[in-house]
Structures are given as structure tokens and as C-alpha cells.
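The structure under discussion appears below in the form of C-alpha cells.
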Amino acid sequence: MNKYIIFFLLQCATTLLIGQYVSNVSLPDKNKPVVKDNTDLSYRYAHSIEASSLRDHLRILASDSLEGRETGQLGMELAADYIIKTIRNMGVMRFPACPDYYQSIEFTYSKWLDNDIHVNKERFRYMWDYLAFTGKNESKSLVVANEIVFLGYGIDDPKYSDYKKMDVEDKVIMINRGEPLKKDGKSYITGDTLLSVWSDKDLDKKLLTAKSKGVKLVLIIENDIKKMFEENRSKLLGTQLELGNTKNNIFQYPNHVFISSTIAKSIIGQNEEKILKARKKMEKGKAESVVLPSELIINLTKDVKVLEGKNVIGYMPGKSKKDEYIIVSAHYDHLGKRGDDVFNGADDNGSGSSTLLEMAQACQQAVMEGNRPERSIVFIWFCGEEKGLLGSEYFTNFPVFPLNQTMVNVNVDMVGRIDEKYKDNPDYIYVIGSDRLSSELHKINEDVNQKYTQLTLDYTYNAEEDPNKFYYRSDHYNFAKNGIPIIFYFNGTHPDYHRPTDDIEKINFDTMASRGKLIFHTVWELANRADRIVVDKIIK
Ligand SMILES: [Zn+2]
């Protein structure tokens, strides 16, 4: 049994023993020769993926004139036009359901126009002292109140209720997260250390209850507003997008704002004694609310528009297994402009979008030479990724062919840079998710890499316990969620990630080309192998 197979079996054994999924660094056997034979179709067409062409595409996609390619904005339109024109000129087909090479998506865009808070004439700053999500709040200018009701935890449960005897109709209430706990940490509601739904991070139950009681505005005391900001940075900065036209939707929650303890103190003012007394009672499982005379002026005015997004789709029908699809994807949207700063997103994800263009031309060359792959290949450039994987969510909800005919999704997001770990050895790529649903997929990628490209395959970010959670953070995840095997190629992060400095000058095109070749070899094998890969693992 050759060294490589022993090594591979060891890898599986370790995976089974240590973690759910492979998480080591896989080094190819460099003693073995690399295939460089033009009669090998996979080699011949992969070879047409060139650094110079990648550069030509990226020069356009990452240029200032594309304004950072924000979904629904002019920059996205220009990028979509470029990709469509390029694949059309290659002779790539359109999908019957997408006559113009794209799937149109309706988005509701919302952005704060004006938002500030004054408490007792003191002004507090958005993002520093408080946070509010445009998608969850109605546009309301100038809400004024002269008293605020401190309503404990905002809970209304048979076991404990802050609403008992309280009329909060059309009032502003201020509440804590969580629920009342005994000294031993057990909840007064569950009687156990396991907390109730009232402590859910999304506050769903508390906000729905406040709505049902006719509350005008909910102020939620957030102990670590800075941490909350960091965790929701992309949602809070810039514009928010939601799938569909939600412009006239009725909001399920009352308007609600997360306030820092600084604002809470200012609202409490001279009534600290009363609040402390109330908190003491709450610790004993007895609800106690306090009416606080305090002048609050809050302005939450939004700009709301319905915009169009585009998933660009190129289609290559298979020769013999037309109803089995390989979806090769890369998001082409990025963060747009902030003031004068253009977030060009050369690596994120101009590199993946350009790689897909080069792979499409390689496949089209095969078609033109009469070597059409057996299975159908669909290239998708998703929009809305930076807004929460929205473009791929829309596609998996409204696929242009039955989703269960998708054999695999190959997702490419950030493949143009070298991260700190590999600065002295750029021939690497992080591979994520390849062994999560299909062990065959994982082996295929390993095998073609050994045979053709011999890159270092690093599975560090594939570990279930990896804190970065990259497996959940790009478009493949919407396919994995549907039980479709996925493989995600990624070069790791770098100091320019999500900064205006993610520019073309920092891209390593030779490494990008060799990664493109590896991805192509995997796609070619998947598209031509006899059997459909099987899902032999259950998604966790
Ligand atoms: Zn990205």
C-alpha cells in the first residue's frame, strides 16, 4: 500500500479519533511526478488558466470605477455587465430560466438617515452609546417621552412577570437582558440552571411581548455595547439589505434600541435608590418596576428603497448526465464606498470572480474541442454575500433547476493573497468543508492535487471548533444547509480584509493561477467521473 494511501487512512483515523472533521495540513508527496501531458484533458484545459488573464479580469473588477461592487448599487451593475459580457463572448450559454444571464432578486435596502438620542438634553452618539438595526425598526422621527418605565427583564411569564399591574401602552420601557436567577444560579422561571426563552440572545419573546402590550419603544440595556458593535459591525455600518420587498411590511417588534449603561445611568438619574431596591426584589424573584421621570428624544429616520440584485449565471449542459449539476460559485459583490473610500475587494472576492471567469473559458475551450464534460456545470457569481449570504440564500430558495440535482457546490472566496502563516511558502490553499458531507469529495480533491498541482492543502479552518467559523461564512453554506456536498477554497485572512486597502497591487497572480488550476482539476473530475458522489455523512 503506497505511502500516500497509508497517509490518507491515517488522516481519516485521526479525524475519527480527534474531531469530527479533518483539520491538519496535508502535504503532497513531492517525490511523485506531476502530470504535464496535453493528452490528459484535465491538464490541457487547466493549463489555459493564466495569471495574465486573471489580472486582466481583476483590473476591471477591482477598479475604482466599479465603486466596490455593492449589491443593488451601480458598482454591482457594472460588475454584472462585465461578467455577463465576458461569458457571452466566450460562448457560454445562458440558463433557459435566465434569458439575460442573471437571476433577478428583489432586495429592500434600508439605511439610517438620521438617528440620535437626547436624554435630559444630553446627546448620545450612535454606535458608541447605542445601537439599532435598520431592518428591525420602523422609520420614526422624533419620539419624545417624559417618563421611562424601568420594567426589570421585560418578562411576562406565569412564574414571573414584570408586566403584572403595569400599563405600558404607548410607553417607553427600559429592560435588562436575561431573567431572574436565584443565588445558586437557577432560574426562577425554569427552576433550573438551563435558562428560559426569555434569555434568548435575539430577544424575540421579550420584543413580541412588548409589542402585544402596545409598548412604543424598548430600550435594552447592553452591558458591553462595544462587543455587540464588533459582533454586528457589517450589519450596523453602511446599508442593510433584506431579501424581498419588505418596504410595507408590518414590523413584528416595537422599535427597540440597545443602550449602554451610560445612557441607562443618565435615564435613572437621581432614582438610583429605587432601581437598586427593585433589583434586590428581582433577585428574590419578585418583579418590581420603576417609573423614571426623564426626558427622552429619539430620532430613528430611515431611507428605505427596493433594489435589484443579480446572480449572474453561466451554463454548460453536460453530455450524458445533463441533470446532474456541478455548481461552481464565487460572490462578486463587495462593500461599496464609504465616503471617499472605495472598498475595491481585489481579494474579496474579485479574485474568486476572476478565477471563475478563467475556469469558464477553460471549460468552454473543452466544449469547443468536442470534449464537453459529462455532467452539467453551472457557474454562479452571487451578489448579496457581504449582506449575509443573501444571493445564495435566494438561489437555494428559488433554484433555476431542482436543487436536489446538484451533485456538489465548489465555492471560491478569496484566493489571491498569501497569509502570514505561508509568507515563505505561497503554494498552499485552505480547504474547508470537503469532508463534511462526502468523504469521496475530500479524496477527489486530495488525489487531483497530488496528481497535478501538489499544493499544500491546509484544513486548519475546517475544524468544527475553529473560532473563525469560516465554514458558515460564505455562499457554500447555503448549499451545505440543504445537504449538498461542498468544497470551499480560501487563502486565509490578511490585514486588508474588509478594508479599502484590499487592492490589486497585493494580489499574487501566479499563486492565484495555480489555485485556479487545482479547483479546475477537481471540477473536471467531478464533472466526468462515472458515479455521482454520495453523501455519506450527516450535516451537524
Ligand atoms: Zn468574501
Mean ellipticity per residue at 222 nm, deg cm²/dmol - from DSSP H runs of n ≥ 4 across the chain, formula -39500 (n - 2.57)
-8500 deg cm²/dmol
In the range 110-202, the trypsin sites (Lys or Arg not before Pro) that sit in a DSSP loop and have at most 11 other Cβ atoms within 10 Å of their own Cβ are Lys121, Arg125, Lys164, Lys165, Lys183, Lys201
Step through the table entries Lys201/Lys227; Lys201/Lys281; Lys182/Lys277; Lys216/Lys277, compare each Cα-Cα distance with 19 Å, and write down the pairs that go over it.
Lys201/Lys281; Lys216/Lys277
For the range 139-155, Karplus couplings with θ = phi - 60° (6.51, -1.76, 1.60), whole Hz, Gly/Pro x
6, 9, 9, 6, 8, 10, 9, 10, 8, 10, 9, 6, 10, x, 9, x, 9
Membrane-span-like helices (DSSP H runs, Cα span along own axis at least 20 Å, mean Kyte-Doolittle at least -0.5) in the chain -> 3-17, 74-90, 352-368, 509-528
Within the under-13-Å Cβ sphere about Thr193, not counting Thr193, Lys/Arg +1 and Asp/Glu -1 give a net charge of 0
For Lys321, the lysines lying under 26 Å Cα to Cα, once residues fewer than eight places off in the same chain are dropped, come out as Lys443, Lys451, Lys481, Lys517, Lys537
Could you tally the net charge around Met282, taking each other residue with its Cβ under 9 Å from the Cβ of Met282, Lys/Arg +1 and Asp/Glu -1?
+2
If the cut-off is a Cα-Cα distance under 19 Å, which aspartates and glutamates reach Lys247, setting aside same-chain residues fewer than 8 apart in sequence?
Glu106, Asp114, Glu138, Asp303, Glu308
Portion, in percent, of the accessible area of the chain that falls on carbon or sulfur, probe 1.4 Å:
51
So which GluC sites (Glu not before Pro) in the range 127-232 pass both tests, a DSSP loop state and at most 11 other Cβ atoms within 10 Å of the Cβ?
Glu169
Looking at the range 110-303, send over the antiparallel percent of its DSSP beta bridges, to the nearest 5.
65
What whole-number value in Å² describes the accessible area per residue of the range 110-303 for a 1.4 Å probe?
52
Taking Rh as the Kirkwood radius computed over C-alpha pairs, what is the Stokes-Einstein D of the chain at 20 °C in a medium of viscosity 1.002 mPa s, expressed in µm² per second?
83
I'd like the Kirkwood hydrodynamic radius of the range 110-303, using the inverse of the mean 1/r over distinct C-alpha pairs, in Å.
17.2
How much accessible area does Tyr45 have with a 1.4 Å probe, in Å² rounded to the nearest 10?
0
Could you give me the ³J(HN,Hα) list for the range 324-340, computed from phi with Karplus coefficients 6.51, -1.76, 1.60 and θ = phi - 60°, whole Hz, x at Gly and Pro?
10, 10, 9, 9, 9, 10, 7, 7, 10, 7, 8, 8, x, 10, 10, x, 8
Local electrostatic count at Arg44 - Lys and Arg +1, Asp and Glu -1, tallied over other residues with Cβ under 9 Å:
-3
Global geometry of the range 495-540, whether rounded, prolate or oblate, following the gyration tensor of its Cα atoms and the 1.5 cut on a/c
oblate
DSSP-defined antiparallel bridges as percent of all bridges, the chain, nearest 5
60
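The values are calculated or read from the model by the stated rules, or taken from the named source; none is laboratory data. Please read these numbers as outputs of a predicted model, since none were measured by experiment. Positions of Cβ are backbone-derived with ideal geometry, glycine not excepted, and every protein chain shown enters the neighbour counts. What goes into the accessible areas is simple: the full protein's heavy atoms, side chains included, and nothing from ligands, DNA or RNA. Shrake-Rupley method; radii C 1.70, N 1.55, O 1.52, S 1.80 Å.
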